[in-house]
Amino acid sequence: MIGLFTHRQRLRQAVVDAPQRLRDIVSADVNLTVWKRPVQEDIDLLGRFIIRQGLPAFQESVVPENAVSRLRTYLEDIPFSPLAKQLLLHDVLVLLDEAFALSADNRVKLILKTVADDACTKFHTDGYDYRLLCTYVGEGTEWVPDAYVNRAKLVKGTNTEIVTDLLQVQRLSAFDVAILKGEASHANRGKGIVHRSPPIETTQVKRLLLRIDI
């Protein structure tokens, strides 16, 4: 028990100052990297338009050779400012660069979608290696510093059993970029960041979420 507690205390969440530093997620003692950014107005307006119009999600497995063309094809059909669409394309490509740098086979799953429900209401870890998230519009993902997590209660426990102090729950802001460590690999078992989707159903405020599974 003492060994588990000591191991848990070593895990940390790193706030970084450049996109390339998001790759610090590979460090054994890091299970979340966050690049905090201001809202970009043109992209924010485009994102709100996508939500209002109920436009379909972009969801594809992409590689460096086809990412630009696939995204451009998706965006060109959106009747909105060409400048805003170009800015969004550029932003997603910057984040894709960081995802590809972490990918073992240079292939990632890219999703840009409107979220209107609470999705995962329970705090949990996920079975992937890494996942990049950026909420362009709306509330961001909630996560818990490892010191306030009771991992023995994951899966079967309640949120109040999993999180020992709910006042310590953190939430990403719009345009923040985070890479979350999952537990797909043996080396990461017991290290995945504990998180959940923000509860939004009662507010009826939708989100535009970029997700890259690595």
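The values are calculated or read from the model by the stated rules, or taken from the named source; none is laboratory data. Quick caveat, the model's predicted, so the values are computed rather than measured. Reconstructed Cβ throughout: ideal geometry from the backbone, glycine too, with neighbour counts over all protein chains shown. What goes into the accessible areas is simple: the full protein's heavy atoms, side chains included, and nothing from ligands, DNA or RNA. Shrake-Rupley method; radii C 1.70, N 1.55, O 1.52, S 1.80 Å.
Toward the positive end of the charge dipole of region 20-68, about the Cα centre and with charges on Cβ (Lys, Arg +1; Asp, Glu -1), which of PHE58, VAL34, VAL68 goes farthest? The residue sitting farthest along the positive end of the dipole is VAL34.
Looking at the chain alone, DSSP beta bridges between its own residues are antiparallel in about 85 percent of cases.
Given the alpha-carbon gyration tensor of the chain, what are the semi-axes of its equivalent ellipsoid in whole angstrom, ordered largest first, with each equal to the square root of 5 times an eigenvalue? Let's see the in-between values first.
On the way: eigenvalues 184, 79, 39 Å².
Sorted largest first and rounded, they come to 30, 20, 14 Å.
For the chain, modelled as a GNM whose springs connect Cα atoms under 10 angstrom apart, the maximal fluctuation among THR114, THR33, THR73 occurs at THR73. Once you reduce region 103-162 and region 23-48 to the center of their Cα atoms, the two points are 14 Å from each other. If you take every residue apart from ILE200 with its C-beta less than 10 Å away from the C-beta of ILE200, what net charge results, scoring Lys and Arg +1 and Asp and Glu -1? Combined, the nearby Lys, Arg, Asp and Glu give -2. Converting phi to 3J(HN,Hα) with the Karplus coefficients 6.51, -1.76 and 1.60 and the offset θ = phi - 60°, region 19-29 yields x, 5, 6, 4, 5, 4, 4, 6, 5, 4, 9 Hz in sequence order, with x at every glycine or proline.
Accessible surface calculations at 1.4 Å, restricted to protein heavy atoms, place region 112-214 at 43 Å² per residue.
With one equal scatterer per alpha carbon and no solvent term, the Debye-computed log10 I(q)/I(0) for region 67-181 at 0.13, 0.15 1/Å reads -0.65, -0.82. Between CYS120, LEU46, THR158, the Cα set farthest toward the positive side of the dipole of region 1-159 (charges on each charged residue's Cβ, about the Cα centre) is that of THR158.
Carbon-plus-sulfur accessible fraction, the chain (probe radius 1.4 Å, protein heavy atoms only): 52%.
Legend: residue pairs LYS36/LYS153; LYS36/LYS156; LYS153/LYS181; LYS122/LYS191; LYS85/LYS181, Cα-Cα distance threshold 28 Å; pairs beyond threshold, LYS36/LYS153; LYS36/LYS156; LYS85/LYS181.
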